[in-house]
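These notes concern the structure reproduced below.
Throughout, read-outs are computed from the coordinates displayed, never taken from laboratory work. Note that the structure is predicted; figures quoted are calculated from it, not measured. Note that each Cβ is placed from the backbone with ideal geometry, even for glycine, and that neighbours are counted across all protein chains shown.
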Amino acid sequence: MSYCVNCGVELDASARACPLCGTPVVNPCAPVQPDAPLPFPERRAEVAPVDRRGAGLTLSVMLAAAAACCAVLNRFFFFPEVPWSVYAVGGIFVFWVLAVLPLLWRAHPAARAALSIAAALAYTALVAFLTHGWGWYVRLALPVALAVCAAAAVPCVTAAMHRSILAVTMSALAALTVFLVVLEALIDVFLTGRFAPGWSLICAAVGVVMVATLLVVRLRPRLREEVRKRFHI
Amino acid sequence: MKRKETAGAAQRGWYRLDNAALVYSAIQRSDYSAVYRFSLVLDRDIDPAALRRAAEKTMPRFPGLCVRMRRGVFWYYLDGAPGFVPEVRPDVANPCQPVRFSPGEELVRIYYYRGRMSVELFHALADGTGALVFLKTLAAQYLRETGCDVPCTDGVLDIGEPPSPEEWEDAYPRYAVSRAKRSLGGSNAYRYTGTPEPFYTLNVTMGTMPVAKLKEDAKRCGATVTEYLAAALIRTLIVVQHSERRRREKPVALVVPVNLRPFFPTKTMRNFILTVRPCIDPELGDYTFEEIVQQVHHYMRLHLTRQELAAYLTKNVALQRSPLLRFVPSPVKNLAMALGFRFVGERPYSMTLTNPGILTLPPELRAHVERAEMILGQSYSGRSNCAVLSLDGDLTVTFSGTIREPHVEREFFRFLVRRGVPVKVISNRKEDASCPIV
Ligand SMILES: [Zn+2]
């Protein structure tokens with residue numbers, strides 16, 4: 001029987017080190033017995049992950065039934081001349097993609113995000129089509145939505161690559177700068193048919209200066225250390 | 001009226017969840033385990049075939065354990081599964097695995113490893129008192145199967161007797177008659193952190209010590225053994241928090257389950273517990289260990305009264321009965337409860353300390369039992385839980401959690417050694433894991 005020289009607790013005959021502090025057992029009078037019975041078994045049991053497919057299937061069936069009900073009610077009973085059920089069915093479909101699909105299909109978060117955005121855009125396209133706002137949708141809403149998604153994706157990707165906070169901030173600022181220029185261009189083209197750069201250039205100038213400053217800080221190790229020292233939290 | 005209803009539960013073949021069980025089942029999630037384990041270490045290796053026979057004969061005496069968890073529209077419920085016998089399995093390194101509520105899942109599990117027989121229970125079925133009765137009865141039957149005669153004394157149930165409905169009543173509503181309603185709250189407590197282990201690894205560190213030495217020192221400080229251990233744990237957490245050099249230190253508070261049976265007589269084996277919250281605020285100044293013991297001692301004596309407990313109990317049952325909550329579908333209710341527990345429920349507590357008390361066994365059984373142990377499952381945040389169980393002269397303190405660094409365990413056991421209590425430590429931690437020498 002050995003004691004930990006560091007903690008003073010008695011140890012098991014099979015212990016090669018103290019479980020509390022890691023100090024190895026060195027006892028000339030009672031050497032560690034490697035074949036002594038262990039106090040606990042070594043076999044690990046795996047815990048099954050939670051299976052959510054059952055819940056996902058149930059929800060899918062419920063949503064499909066609700067959609068079918070809407071369609072039947074619309075066609076035969078309430079306001080057959082107005083296609084209101086198309087909105088409802090579209091909304092149900094978007095909800096299904098956002099909430100139920102993740103239960104059925106374990107996809108990469110990026111794939112899920114892309115799919116969710118696609119579903120939302122498809123729904124807005126449906127609304128635009130039904131309300132005869134097609135031209136407005138194609139020329140302004142769709143490009144702006146895509147630009148927002150692209151701009152948001154840049155810092156997300158940088159963060160996912162485990163870059164420093166500085167790099168993520170830089171990429172976010174750069175993406176924001178480009179986005180603002182694109183936004184003004186889209187609005188100008190939609191309204192007047194011609195790109196006349198205005199406010200976005202001021203924003204872009206500020207953005208470029210900020211990114212450049214951060215880039216200098218990033219590339220000069222001494223400056224980086226100095227900034228880290230002054231601004232440490 | 002209520003009694004008639006509960007007495008009918010066994011005949012009806014299903015049980016409503018009691019007040020504590022509602023919480024345990026609602027907040028169930030993939031990495032939280034409201035499963036606890038009791039073990040007896042015998043003086044000889046377990047014979048699995050005999051243990052299986054013993055389980056087959058013992059389970060029918062405990063109809064409240066032969067159940068499956070089912071989801072009703074408004075509440076979960078326990079559906080009777082007569083004839084259910086848990087499979088007797090070789091033990092595993094990561095005990096107290098979480099339950100999934102999947103069909104065919106066992107809410108009672110039986111394991112064996114060398115001389116140790118272990119029983120794991122989902123907390124919605126029974127509390128420590130009920131689980132210990134089951135373990136004793138099972139162990140007594142096991143010894144009978146191997147040729148020793150064990151009488152039905154010291155809490156061992158006679159498996160020839162029919163089960164009594166009173167043993168499976170929900171005792172909470174019967175005593176929820178206080179005019180006052182109180183709820184236990186408190187400010188956010190200190191929560192220690194560390195490197196999380198990979199899913200699902202449960203680090204168990206067990207210290208065995210003689211009760212006489214503990215009692216001696218506890219008496220010097222003027223407290224009982226539970227109060228003394230609670231104070232030692234609070235002191236440990238204060239020291240660990242202090243070593244983090246925070247600018248503002250948070251209060252250190254324990255959640256200590258209290259068995260309500262001494263206050264409100266009942267024969268039930270289902271849950272009948274409440275919790276109390278001994279607390280020390282290090283911002284008030286430095287406390288000596290003796291002062292912490294005194295604080296815990298007086299807190300317990302002041303607040304553990306029949307009247308105050310009845311007020312807490314009434315509040316909990318009133319929540320469960322409120323019509324607003326009752327008619328909300330169960331998935332919504334469970335989500336709300338899980339969120340509430342994550343953001344409010346566990347915040348006021350630093351750690352759990354449970355002590356189901358002194359285990360008494362019939363002398364014929366006692367002669368073959370070397371040690372009794374209790375392990376709690378993974379807590380909501382992964383920090384260690386602490387469970388205490390004593391058998392005659394020996395007391396076992398078990399820490400179980402999913403944080404790699406054994407800081408709290410080390411400080412706690414080293415402190416007891418310094419107070420003159422000899423401790424023997426065993427653990428299921430991997431030895432080759434790079435454990436820093438401190
Ligand atoms: Zn040690």
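Which of the peptides B:64-75, B:375-386 is most tightly packed, and how do the rest follow, judged by the mean count of other Cβ atoms within 10 Å per residue?
Put in order of decreasing packing, that is B:375-386, B:64-75.
What FRET efficiency comes out for the pair residue A:29/residue B:370, r = Cβ-Cβ distance, R0 = 25 Å, nearest 0.05?
0.50
Identify the residues of the range B:362-394 with backbone N under 20 Å of a label point that sits 7 angstrom from the Cα of residue B:219 along the Cα-to-Cβ direction, or state none.
Output list for this probe position: B:390-394.
Does anyone have the angle between helix A:199-219 and the longest principal axis of chain A? Alpha-carbon axes, 0 to 90°, nearest 10?
20
Within chain B, which DSSP H helices have Cα atoms that stretch 18 Å or more along the helix axis and a mean Kyte-Doolittle hydropathy of at least -1.0?
Qualifying helices: B:128-145, B:225-243, B:289-303, B:306-321.
What is the mean projected area of the alpha carbon convex hull for chain A, to one decimal in square nanometres?
Approximately 24.9 nm², given one-decimal rounding.
If the label point is 7 Å along Cα→Cβ of residue B:321, which residues in the range B:13-32 have backbone nitrogen under 19 Å from it?
Answer for this model: B:16-23.
What is the percent of Cα-Cα separations in chain B that go past 31 Å?
Of all Cα-Cα pairs in chain B, 40 percent lie more than 31 Å apart.
Say each of residue A:13 and residue A:47 gets a label point 7 Å from the Cα, pointing the same way as Cα to Cβ; how far apart are those two points in nm?
3.4
Based on the alpha-carbon gyration tensor of the range A:52-132 and its eigenvalue square roots a ≥ b ≥ c, which shape applies: rounded if a/c is under 1.5, prolate if not and a/b is larger than b/c, or oblate?
Oblate, since a/c reaches 1.5 and b/c is not below a/b.
Taking every pair of Cα atoms in the protein assembly as shown, average 1/r, invert it to obtain the Kirkwood radius, and report Rg/Rh to two decimals.
Looking at the protein assembly as shown, the ratio lands at 1.05.
Over all residues in A:34-41, what is the mean tally of Cβ atoms on other chains that come within 10 Å of each residue's Cβ?
That works out to 6 on average.
Quick check: residue separation of residue A:111 and residue A:166 times 0.36 nm, minus the Cα distance between them. What number comes out in nm?
In short, 17.2 nm is gained.
Return the average number of partner chain Cβ atoms within 10 angstrom of each residue Cβ along peptide B:102-108.
1
By how many degrees, between 0 and 90 and to the nearest 10, does the Cα long axis of helix A:142-160 differ from the longest principal axis of chain A?
Between the helix axis and the principal axis of chain A, the angle is about 10 degrees.
When only C-alpha pairs under 8 Å and at least 6 residues apart count, what is the relative contact order of chain B, in percent?
25
Which distance in nm do the two modelled labels at residue B:305 and residue B:184 give, with both placed 7 Å along the Cα-to-Cβ direction?
1.8
Sort largest first and round to whole Å: the equivalent ellipsoid semi-axes of the range A:94-229, each the square root of five times a Cα gyration tensor eigenvalue.
Listed largest to smallest, the semi-axes of the range A:94-229 are 34, 25, 6 Å.
Evaluate peptide B:407-413: per residue, the Cβ atoms of other protein chains within 10 Å of its Cβ; return the mean as an integer.
Neighbouring Cβ atoms belonging to other protein chains average 3 per residue here.
As I understand it, the value is the acute angle between the Cα axis of helix A:221-230 and the longest principal axis of the Cα atoms of chain A; what does it come to in degrees, rounded to 10?
Once rounded, one gets 90 degrees.
Which value results for Rg/Rh of the range B:203-434 when Rg is the Cα radius of gyration and Rh the Kirkwood radius based on the inverse mean 1/r?
Computed over Cα atoms, the ratio is 0.98.
Taking a 27 Å limit on the Cα-Cα distance, which of the listed pairs B:136/B:430; B:181/B:267; B:215/B:424; B:267/B:315; B:57/B:267 fall beyond it?
Table pairs above 27 Å Cα-Cα are B:136/B:430.
Please report, in whole Å, how far the alpha carbons of the range B:17-152 spread along each principal axis, starting with the longest.
Sorted largest first, the three principal extents are 49, 30, 25 Å.
Could I have the simple spin-label model distance between residue B:148 and residue B:81, label points 7 Å from Cα toward Cβ, reported in nm to one decimal?
According to this spin-label approximation, the distance is 3.1 nm.
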